[in-house]
Each structure stands twice: as structure tokens, then as C-alpha cells.
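The structure appears right after this line, and notes come after that.
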Amino acid sequence: MKTIDELQKEITAFRDARNWKQFHNPKDLAISISLEAAELLEVFQWSGKDVLVEEKRDRLEEELADVLIYCGLMADAVGMKIDEIILKKLEKNKKKYPVEKAYGNSAKYTELEDGTCEKDHFGPNEKVHE
């Protein structure tokens with residue numbers, strides 16, 4: 001298993017071997033991330049309640065890899081280390097979503113704080129309190 005840093009080096013080596021860095025500015029990379037994320041979402045379009053991925057696994061794998069590769073390119077373009085920004089965001093999310101309030105609950109952190117939402121407010125049997 002490769003580390004995030006090793007993967008980052010492979011991603012940038014692939015890009016550099018093709019002289020593509022010149023095209024990878026933050027704006028265009030953000031657009032590319034969004035486009036690839038839309039292609040990832042397209043895997044599930046018209047699937048109704050079918051959210052099982054086994055039949056779609058190959059395409060899902062490719063689209064998810066595209067998103068992650070572009071994220072690696074974006075991190076490089078703006079001088080950020082993927083492991084550092086992920087750990088920083090996880091720490092922030094731990095404060096926004098403490099286990100005792102968020103466990104088993106899909107509510108946004110603002111609803112957890114003010115207590116306006118019951119457990120899993122998007123579930124079929126749950127209601128948001130007014």
C-alpha cells in the first residue's frame with residue numbers, strides 16, 4: 001500500500017511527463033473536479049432505489065479515481081499537503097459533530113447544536129421539529 005505522499009508523487013510525475021502542469025491552474029482544476037464528480041454521480045443516475053455498486057463497480061472505480069487524481073493535482077497547484085488538510089478538516093468536523101450529538105444522526109451540525117432536529121431527519125419515519 002502506498003502512502004498519500006507516494007501517490008501524490010506518482011500523480012505529479014504522470015502530469016509532468018506530459019508537460020500538463022501549464023494547464024493546471026486552480027480554476028481549471030476546480031472545474032475538472034466538479035466535472036469528474038458529476039460523472040461519478042452519473043453512475044447512479046436513474047438507478048431508483050438501487051444503490052448497490054457491484055454492477056457498476058468498474059465505472060465507479062474509474063470516476064472516483066478521476067476525482068481523487070484531480071484533487072491531488074489541485075493540492076499540488078495550491079501548495080497544500082493532502083494528509084495535512086484532511087487531518088485538519090477531520091479535527092474541525094469532530095468539533096462540529098461530536099459523537100454524543102451526531103451518532104446515528106444525519107442532521108447538519110447547525111441543527112445538532114440548536115436541538116431542532118430529531119435523529120436522522122432524512123429517514124422515512126423521522127420529522128424535523130418546528
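A few points about this structure:
- Members of segment 32-51 that are open to solvent by 80 Å² or more (accessible area, probe 1.4 Å) and not charged (D, E, K, R): 35, 41, 45, 46, 51
- Given (1) farther than 22 Å from residue 26 by Cα; (2) of a type outside the set (Val, Ile, Thr); (3) open to solvent by 100 Å² or more (accessible area, probe 1.4 Å), number of the condition residue 87 does not satisfy: (1)
- Residue 21 vs. criteria within 29 Å of residue 112 (Cβ to Cβ) and open to solvent by 100 Å² or more (accessible area, probe 1.4 Å): no
- Set 62, 55: member being at pLDDT 95 or above and either part of a helix (DSSP H, G or I) or of a type in the set (Ser, Thr, Tyr) (or both): 62
- Condition met for residue 116 (at pLDDT below 85, loosely packed, with under 13 Cβ neighbours inside 10 Å and hydroxyl-bearing (Ser, Thr, Tyr)): no
- So residue 67, is it of a type in the set (A, V, I, L, M), closer than 23 Å to residue 84 by Cα and surrounded by 15 or more Cβ atoms within 10 Å (Cβ to Cβ): yes
- Whenever a residue of segment 39-52 is closer than 24 Å to residue 69 by Cα and part of a loop (DSSP other than H, G, I, E, B), its partners that are at pLDDT 70 or above and of a type in the set (Asp, Glu), lying with C-beta atoms within less than 8 angstrom and at least six residues away or across chains, give the pairs 43/63.
- Check on residue 100, surrounded by 11 or more Cβ atoms within 10 Å (Cβ to Cβ), free of Cβ contacts under 8 Å to residues at least 40 places away in the same chain and out of contact with any Gly (no Cβ under 9 Å at 6 or more places or on another chain): no
- For segment 7-18, filtering for residues that are surrounded by 10 or more Cβ atoms within 10 Å (Cβ to Cβ) and either modelled with pLDDT under 95 or of a type in the set (D, E, K, R) (or both) leaves 4.
The values are calculated or read from the model by the stated rules, or taken from the named source; none is laboratory data. Note that this is a predicted model, so its numbers are computed, not measured. All Cβ positions, glycine included, derive from the backbone under ideal geometry; neighbour counts span all protein chains shown. Note: areas computed on protein heavy atoms with side chains; ligands, DNA, RNA excluded. Shrake-Rupley method; radii C 1.70, N 1.55, O 1.52, S 1.80 Å.
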